[in-house]
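Here's the structure, in structure tokens; my notes come after.
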Amino acid sequence: MKHFSFESPERLERIFYKQPESFTKYSEKEVLSYMVGATLYMPATKESIAQDVITKKFEELVSMVIDLEDAVGDNQLEEAEELLVKHLETIYYALENQIITIEDLPLIFVRVRTPEQLKRMNSKFGIFNKVLTGYVFPKFSPKNGREFLEIIADINTEDTVLYAMPILESSEFIYKEDRLESLLETKKIIDSYSKYILNIRVGCTDFCGLYGIRRNVDTTIYDVSIIRDCLANILNIFNRQEDGYVISGPVWEYFSKEERILKPQLRVSPFEFRHGSTGLKKRRELINEFLDGLINEVILDKLNGIVGKTIIHPTHIKPVHALYTVTHEEYMDALSIINNAEGNVGVLKSQYQNKMNEVKPHHYWAKRILLRAKAFGVYNEHQDFTSLIIEEVKIKR
């Protein structure tokens with residue numbers, strides 16, 4: 001797998017100063033946690049999952065979750081489990097028969113409901129779990145977290161590498177009187193099994209549901225004050241330098257057209273300045289597809305130290321990955337900081353002559369930027385996310 005691998009060599013050369021690096025499920029964990037990117041969820045009952053993977057139906061897809069939890073009705077569960085085994089079997093034999101290679105395979109995760117289901121499904125998968133990168137654990141908490149991770153530890157052997165992605169989404173994390181104790185207890189559990197933790201995910205839809213709240217297409221999750229308060233605490237506890245965990249952004253759930261109330265959030269200038277009338281047409285298209293709200297939310301995710309995002313529609317993949325691609329200015333600053341970390345200098349002027357880079361305070365920021373650069377690449381000077389979005393999608397005339 002490689003972000004933007006579907007682009008022509010000419011476009012990659014024109015847009016990227018440093019192109020994204022290739023990866024598989026066997027890549028180094030620290031880098032792989034950044035590679036996850038926009039993770040597409042789909043119900044295990046979807047008939048075409050295996051064929052979609054084998055035929056690369058969604059060329060930009062690099063990570064996916066096959067869901068046995070909320071996307072599957074209770075009365076569908078038995079059917080979903082059987083179909084999931086068939087999906088993995090089909091993909092496994094496509095690998096064995098060299099119809100696809102491990103390099104072609106997206107990172108595939110399964111979201112299970114309970115520790116008991118995890119144990120049962122992994123046993124059913126048998127050798128087919130070779131195609132999996134790991135499991136997603138919903139409503140992860142001090143009540144069930146250790147049991148989930150003990151099973152993951154037992155599953156992992158010399159021949160098997162499977163990661164965990166716990167989701168924090170239950171009431172003990174959003175209710176203020178329980179939050180801090182629950183977060184600290186959960187962190188102790190996660191720290192005990194840190195080598196298996198690929199991402200920590202946040203389920204803001206479940207949080208909102210506890211209050212009867214649902215954000216609309218014109219607002220980001222950060223506009224919901226209760227959720228913003230909770231996210232701040234989660235990031236405070238889990239996103240510290242000494243731990244190195246990667247926190248993934250909550251789902252953006254809009255993709256269909258409906259009448260808007262508020263003004264679009266995408267500024268005109270980035271599109272018009274670099275791409276003229278074509279850029280303005282693309283901006284209108286993004287607004288019509290309600291991707292402008294997603295773009296605004298991802299910008300806020302990045303600002304708050306989040307990497308990657310849960311998505312529920314393939315049209316969300318390109319904008320998310322384009323926004324996580326590192327700018328030339330960020331990359332030059334990060335390199336300067338890392339290359340001057342021997343202690344001979346404390347403060348450096350940015351190559352762009354517009355800011356001060358302090359070696360010690362900005363060191364962890366720089367390290368994260370370089371990891372993002374490995375995953376998503378670095379734009380050439382005078383290129384930005386609009387460069388990928390403008391040319392990737394045909395302008396509707």
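What follows is calculated from the coordinates using simple rules that are stated; it is not laboratory data. All of these numbers come straight from a predicted model, not from anything done at the bench. Note that we place each Cβ from the backbone using ideal geometry, even for glycine, and neighbour counts take in every protein chain shown.
Structural descriptor for the stretch 1-83: relative contact order 32 percent, calculated from alpha carbon pairs under 8 angstrom and at least 6 residues apart. Extension gain for Ala341-Leu184 works out to 53.3 nm (0.36 nm per residue, less the C-alpha to C-alpha distance). Dividing the convex hull volume of the alpha-carbon atoms in the stretch 329-389 by its residue count gives 84 Å³ per residue.
Measuring r between the beta carbons of Lys176 and Asn97 and using R0 = 45 Å, the FRET efficiency lands at 0.25. For the chain, the relative contact order is 19 percent, taking Cα pairs closer than 8 Å that sit 6 or more residues apart in sequence and dividing their mean separation by the residue count. Helical content alone sets the calculated 222 nm signal of the chain at -13500 deg cm²/dmol, taking -39,500 (n - 2.57) per DSSP H segment of four or more residues and averaging over every residue. A compact globular protein would have a Cα radius of gyration near 2.2 N^0.38 Å; the ratio found for the chain is 0.99. Each of Leu77 and Glu28 was given a label point 7 Å from its Cα along the Cα-to-Cβ line. The distance between the two points is 4.1 nm.
Rounded to the nearest 20 debye, the dipole magnitude of the chain is 1080 debye, with +1 charges on Lys and Arg beta carbons, -1 on Asp and Glu beta carbons, and the Cα centre as origin. For the stretch 1-62, the alpha carbon positions stretch 42, 28, 17 Å along the principal axes, listed from largest to smallest.
Residues whose amide H comes within less than 5 Å of that of Leu168, counting only those at least five positions distant or on another chain, are Arg201, Val202, Gly203 (H built at 1.01 Å from N in the peptide plane). Dipole magnitude for the stretch 329-389: about 220 debye, using +1 per Lys or Arg Cβ and -1 per Asp or Glu Cβ, origin at the Cα centre.
In this structure, the amide hydrogen of Arg111, modeled 1.01 Å from its nitrogen in the peptide plane, lies closer than 5 angstrom to those of Ile66, Asp67, Leu68, Val136, counting only residues at least 5 positions away or on a different chain. Whole-Hz ³J(HN,Hα) for each residue in the stretch 162-171, computed from phi via Karplus 6.51 cos²θ - 1.76 cosθ + 1.60 with θ = phi - 60°, x for glycine and proline: what do you get? The phi angles translate into 10, 9, 10, 10, x, 10, 8, 7, 9, 4 Hz. Of all beta bridges that DSSP places with both ends in the chain, some 20 percent have antiparallel geometry.
Contact order, relative form, for the stretch 329-389: 36 percent (alpha carbon pairs under 8 Å, 6 or more residues apart, mean separation divided by residue count).
Couplings 3J(HN,Hα) of the stretch 101-106, computed from phi: 10, 4, 5, 7, 7, x Hz, in residue order, whole Hz [Karplus 6.51 cos²θ - 1.76 cosθ + 1.60, θ = phi - 60°; x for Gly and Pro].
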